[in-house]
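The values are calculated or read from the model by the stated rules, or taken from the named source; none is laboratory data. Nothing here was measured: the structure is a model prediction, and the numbers come from that model. Glycine also receives a Cβ, built like all others from the backbone with ideal geometry; neighbour counts cover every protein chain displayed. Surface accessibility is based on the protein's heavy atoms, side chains included, excluding ligands, DNA and RNA. Shrake-Rupley method; radii C 1.70, N 1.55, O 1.52, S 1.80 Å.
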Amino acid sequence: MAKPEYYYGVHSVESLLELEPERVLTLFTLKGRDDQRLQRILELAEPFGISIQKASRDTLEKLAGLPFHQGVVAAVRPHPTLNEKDLDQLLELTPDAFLLALDQVTDPHNLGACIRTAAAMGVQAVVVPRDRSASLTPTARKVAAGGAEKVKFIQVTNLARTLGHIKETYNVRVIGTMLDEKALPLQECDLTGAITIVMGAEDTGLRPITQSQCDQTVYIPMSGNLQSLNVSVATGMALYEACRQRNF
């Protein structure tokens with residue numbers, strides 16, 4: 001049996017029990033904690049016969065790898081890693097797919113925040129390169145606050161090649177976020193239909209090879225003194241505008 005993964009945090013564990021309870025092997029809860037949020041988690045676990053173990057704060061910290069576990073940790077059967085084939089299957093079934101691609105975003109906190117927003121804005125999948133990118137660590141899952149169980153997380157060998165493939169095969173438009181001579185203000189770009197919004201790394205932005213696959217580039221107009229935003233904040237703004245256009 002594969003080594004279990006550990007989910008921690010109330011939102012992350014609660015969402016997992018709502019969507020994929022069959023993956024949960026054991027729940028570890030903080031000794032002495034007996035509040036409404038924990039009771040909700042225990043109620044979700046009860047019908048599935050999930051083992052519940054009381055644990056000390058130190059034990060929970062060791063399982064989670066961090067002290068910010070909120071008093072609950074779940075040992076979970078690992079989810080299969082999704083790849084290019086899974087992306088193809090998704091696009092075959094979703095003519096107006098709404099995807100988010102992250103080009104070498106390496107901070108797990110930023111990844112988790114992007115996934116959380118993606119789930120809220122109706123994105124079907126977050127696509128990242130397998131190398132030089134953050135993965136779904138327990139930290140990323142906690143920051144995603146349940147979003148990681150609602151959005152497909154797909155790791156591909158070569159992001160630029162994958163973008164080229166989905167453009168040619170499924171007519172998915174690739175919208176890159178960067179400021180160049182062809183970039184449109186975000187709100188002036190058509191973000192309906194099958195699209196992938198591509199966000200660049202925290203420090204370097206989109207790589208040239210990724211830029212070459214973009215059908216259109218966009219930028220977020222700003223009136224203040226700052227000219228750049230944290231990637232998770234910029235992602236939230238871009239996805240919100242796309243969601244607004246797609247819904248209304």
Here the gain from full extension of I220 to A120, 0.36 nm per residue of separation minus their alpha-carbon distance, amounts to 34.0 nm
Of P221, P185, P138, the most mobile residue in a GNM of the chain (C-alpha springs, cutoff 10 Å) is P221
Calc'd 3J(HN,Hα), the stretch 153-166, phi into Karplus 6.51 cos²θ - 1.76 cosθ + 1.60 (θ = phi - 60°), Hz, glycine/Pro = x, comes to 10, 10, 9, 10, 5, 9, 5, 4, 5, 5, 4, x, 5, 6
Violations at 18 Å Cα threshold for listed pairs K54/K150; K31/K62; K3/K152; K85/K167; K85/K152 -> K54/K150; K3/K152
Using alpha carbon centers only, the stretch 7-29 is separated from the stretch 58-136 by a whole-angstrom value of 15 Å
Simple spin-label estimate for R244/E181, 7 Å along Cα→Cβ, in nm, reads 3.0 nm
Largest-first ranking of R57, R132 by accessible area, probe 1.4 Å, whole protein assembly kept, is R132, R57
Counting sequence-distant residues (5 or more places) and residues on other chains, those with an amide H built under 5 Å from that of G176 are V198, D215, Q216, T217, V218
Rounded to the nearest 10 Å², the accessible area of T59 using a 1.4 Å probe with every protein chain kept is 60 Å²
Between the alpha carbon centres of the stretch 191-243 and the stretch 30-45 the gap in Å comes to 40 Å
Here the FRET efficiency for T137 versus F48, based on Cβ atoms and R0 = 35 Å and rounded to 0.05, is 0.90
Stretched fully, the stretch from T204 through R33 gains (0.36 nm per residue minus C-alpha distance, one decimal, in nm) 57.2 nm
Whole-Hz Karplus couplings 3J(HN,Hα) for the stretch 142-149, θ = phi - 60° and coefficients 6.51, -1.76, 1.60, Gly and Pro as x, run 5, 5, 5, 6, x, x, 5, 8
In the chain the accessible area split gives carbon plus sulfur, as whole percent at 1.4 Å, a share of 50 percent
Note to self: with every protein chain in place and a 1.4 Å probe, the chain gives an accessible area per residue in Å² of 50 Å²
